[in-house]
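Single-structure report; data block below.
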Amino acid sequence: TAGSGSGCWAYGINSNGKSTMNAFYIADSWQATEALRFDIGLRHQKNHTNYIVDSGPGYPDGTFDPRITDNRSKTSYTVGADYKLNASSGVFGRYSVGYNMPTFDNFRENQTDTSKVTQYELGYKLRNGPFDLFATAFHNRFEGAKFGGVGGKPEVNTNEATGLEIDGRYRTDFGLNLALNATFQDTEIVTSSDPASVGKNALRQPKMQLRFTPSYDFKIGGISSQIYGTVSAIGDRFNDNPNTVTLKGYTKIDAGLNFDLGKVIVTISGDNLTNEHALTEGDPRIV
């Protein structure tokens with residue numbers, strides 16, 4: 001406990017709630033020609049929430065405020081097309097709209113809006129002998145991204161991201177395999193209830209994430225085995241919407257061994273072998 005004027009900070013809650021979700025979804029595809037296929041998916045969701053919370057001030061005081069009864073529904077959908085260029089390659093496109101409904105924590109912090117996510121995708125895929133390659137360009141828009149300290153009015157933003165995802169694999173005849181997964185993106189807060197955040201990068205979103213995994217398949221005494229390693233590189237990102245606190249990028253190295261004993265697979269793995277240190281989170285209340 002803290003006496004008057006001590007400068008200490010305290011917060012506690014006593015809460016109880018129940019949330020029920022019912023959804024109906026349907027999906028289908030249409031082979032328009034031998035090379036062209038369309039697909040569509042639709043999901044209608046209904047949420048019903050009852051929630052009470054006693055948060056003081058300071059500590060629970062026996063008064064439940066607010067008392068929440070909430071009913072809402074949304075319909076999400078996606079439309080895609082796939083065109084086969086030849087036997088080993090093709091292109092595809094997709095448009096998707098989805099929603100994120102509030103949870104108990106959101107209701108308690110006055111974050112009661114339903115967020116909307118819209119995404120466009122255009123990609124290329126290749127499977128030719130030892131090569132697999134998927135490359136997807138994307139643009140998404142997140143309306144209703146919220147950020148705020150405990151008890152305060154949340155900052156409400158619209159974020160946009162444009163980027164490229166690459167997923168590639170190469171397999172040799174002598175057991176060596178190489179896999180690469182990478183995402184490059186540029187993010188921006190395009191609208192905000194706080195003018196200082198407009199034009200800044202979206203919260204905790206690095207411009208680059210890369211994972212490179214070489215592996216080698218071999219046998220020991222007739223036992224199928226594999227040795228592998230992964231190098232993960234994460235770029236700089238920001239801990240706050242005005243981009244005043246930088247969380248520096250880092251690189252992590254992992255490695256391991258797999259032994260296939262038939263009905264049992266034994267794995268020995270090592271994580272962060274170089275003992276890399278990096279700050280991945282800051283104080284969300286005070287920067």
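The values are calculated or read from the model by the stated rules, or taken from the named source; none is laboratory data. This one's a predicted model, so the numbers in the text were calculated from it and none came from an experiment. Reconstructed Cβ throughout: ideal geometry from the backbone, glycine too, with neighbour counts over all protein chains shown. Quick note on the areas: whole protein, heavy atoms, side chains included, nothing else; ligands and nucleic acids left out. Shrake-Rupley method; radii C 1.70, N 1.55, O 1.52, S 1.80 Å.
A few notes on this one:
- The stretch between residue 86 and residue 274 holds 63.2 nm of extra length on full extension. This uses 0.36 nm per residue minus the Cα-Cα distance.
- Sorting the segments 132-139, 255-262 by their residues' average number of neighbouring beta-carbon atoms within 10 angstrom, most packed first, yields 132-139, 255-262.
- Hz values of 3J(HN,Hα) by residue in segment 157-174 - Karplus curve (6.51, -1.76, 1.60), Gly and Pro given as x: 10, 10, 10, 10, 9, 10, x, 9, 10, 10, 10, x, 9, 9, 10, 9, 7, 10
- Radius of gyration and Dmax over the Cα atoms of segment 60-154, both given in Å: 21.1, 69
- Pairwise FRET efficiency - residue 46 versus residue 128, Cβ, R0 = 51 Å, nearest 0.05: 0.65
- Scaled radius of gyration (Cα, divided by 2.2 N^0.38 Å) that segment 142-287 gives: 1.42
- Based on alpha carbons, the Rg and Dmax found for segment 139-215 are 18.3, 60 Å.
- Whole-Hz Karplus values for segment 252-263 come out as 10, 10, 10, 7, x, 10, 10, 10, 8, 9, x, 7 Hz, taken residue by residue from phi with 6.51 cos²θ - 1.76 cosθ + 1.60 and θ = phi - 60°; glycine and proline positions read x.
- Cα pair distances of the chain binned at 10 Å [whole percent]: 5, 17, 23, 26, 19, 8, 2, 0
- Cα-projected label distance for residue 112 with residue 29, points at 7 Å along beta-carbon direction, nm: 4.3 nm
- Distance-filtered residues of segment 71-114 - backbone nitrogen under 14 Å, label point 7 angstrom along residue 120 Cα→Cβ: 93-97
- Estimated at 0.36 nm per residue, the fully extended path between residue 20 and residue 137 surpasses their Cα-Cα distance by 38.5 nm.
- For the chain, leaving out every one of the trypsin sites (Lys or Arg not before Pro) that falls in a DSSP loop and has at most 12 other Cβ atoms within 10 Å, the longest unbroken run is 1-247.
- For segment 4-117, the spread of Cα positions along each principal axis, largest first, Å: 75, 31, 17
- Accessible surface area normalised per residue over the chain is 62 Å², counting heavy atoms of protein chains with a 1.4 Å rolling probe.
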